[in-house]
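Colleague: Quick one: structure below, then a few questions.
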Amino acid sequence: MFSAEDLTRIEKAMASFGFGNKAKSKEGKNGGSSDKPEDPPSFNLTPPQILVIAGLLAGALEVDSVSVDRDQSIGISLRGTLRRKTPVEEFMQQIGQLPFDQVMKALLGL
């Protein structure tokens, strides 16, 4: 589902919020350092919320649209795929961005 590079990026992003890190020790009241690690912040995220965050960070999901109605309710539509593109699909996407005459000249060898 996620590549090793995607998982590394997710781990770094989560570490920036204090997840998965060994917290630095605090200084005690007397100026010395205590051996008790800090408690990580609790966000109370549900599994679907975690998956959406991971999908956004990994690039598997992207924001398709954002709507705000008159009651100031916000709707965010996400779109993505877990399927990786094949080399042929990537090649066809590159060709699709070229002008038609360039593609035809390349096919005909002109």
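Colleague: Within the set of pairs 6+ apart or on separate chains, which have a first residue in the stretch 84-110 that is touching a residue at least 60 places away in the same chain (Cβ under 8 Å), a second that is exposed (fewer than 10 other Cβ atoms within 10 Å of the Cβ), and C-beta atoms under 7 Å apart?
Modeller: Partner pairs satisfying both residue conditions: none exist.
Colleague: Among the residues of the stretch 69-95, write down those that are farther than 19 Å from Val52 by Cβ, among the hydrophobic types (A, V, I, L, M, F, W, C) and surrounded by 10 or more Cβ atoms within 10 Å (Cβ to Cβ).
Modeller: Phe91, Met92, Ile95, listed by residue number.
Colleague: Related question: Tell me, yes or no, whether the stretch 55-74 has at least one residue that is modelled with pLDDT under 80 and in contact with a helix residue (DSSP H, G or I) (Cβ under 7 Å, 6 or more places away or on another chain).
Modeller: Checked the stretch 55-74: no residue is modelled with pLDDT under 80 and in contact with a helix residue (DSSP H, G or I) (Cβ under 7 Å, 6 or more places away or on another chain).
Colleague: Still on this structure, please answer the following. Mind listing whichever residues of the stretch 54-79 are in contact (Cβ under 8 Å) with a residue 40 or more places away in the chain and in a helix (DSSP H, G or I)?
Modeller: Answer for the stretch 54-79, where residues must be in contact (Cβ under 8 Å) with a residue 40 or more places away in the chain and in a helix (DSSP H, G or I): Ala54, Leu57, Ala58.
The values are calculated or read from the model by the stated rules, or taken from the named source; none is laboratory data. Remember, it's a predicted structure, so these values are computed and weren't measured experimentally. In this analysis, Cβ positions are derived from the backbone assuming ideal geometry, glycine residues included, and neighbour counts consider all displayed protein chains.
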